[in-house]
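Have a look at the structure below before the remarks.
No lab work stands behind these numbers, since they all come straight from the coordinates. Computed from a predicted structure; not experimentally measured. With ideal geometry, Cβ positions are generated from the backbone for all residues, glycine too; neighbour counts draw on all protein chains shown.
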Amino acid sequence: MPTDLMQPFMAPFTKLAQSNLELLTKFSLSPEVMAQAMAQTQRMFLNPGAGAPPQLPLPANALGDLMMGLMKNYMEFLMALGQGSAALMQQAPATLAQATQQAMRQPATAVPPMP
């Protein structure tokens with residue numbers, strides 16, 4: 001039961017994590033990034049005594065796509081979080097009224113006298 005209660009509140013966080021993982025997977029498997037990784041690997045094996053290979057800049061298209069995707073994911077997250085908060089605020093008076101009615105319907109239990 002507590003899981004059902006928390007699901008609407010956790011949905012934006014879950015969706016953000018899934019969207020970001022998909023985006024990072026897409027970025028890491030993009031042809032531009034794969035070609036760069038292969039080129040660095042070849043340099044490392046062809047010239048092993050040269051130390052660490054110089055860092056190549058990330059491909060502009062892949063990095064731009066990643067940044068735009070992350071920005072989109074976080075904007076959607078913030079919108080979903082705001083909508084969830086607004087829905088909670090709209091439901092609060094009705095939930096409070098229902099809880100009050102249920103409390104009034106329950107029979108009053110007699111309090112035993114203090115010794």
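Under 13 Å from a point placed 7 Å out from the Cα of residue 36 along the Cα-to-Cβ direction: which residues of region 73-106 have their backbone N that close?
none
Rounded to the nearest 0.05, what FRET efficiency is calculated for residue 91 and residue 21 with R0 set to 41 Å and r the Cβ-Cβ distance?
Rounded to the nearest 0.05, the efficiency is 0.85.
Using the per-residue mean of other Cβ atoms lying within 10 Å as a proxy for protection, in what order, highest first, do the peptides 65-71, 81-87 fall?
65-71, 81-87
Please compute the modelled spin-label separation between residue 43 and residue 63, points set 7 Å along Cα→Cβ, answer in nm with one decimal.
Simple spin-label model gives 1.4 nm for this pair.
Between region 6-42 and region 61-93, what is the C-alpha centre distance in whole Å?
Region 6-42 and region 61-93 have Cα centres separated by 17 Å.
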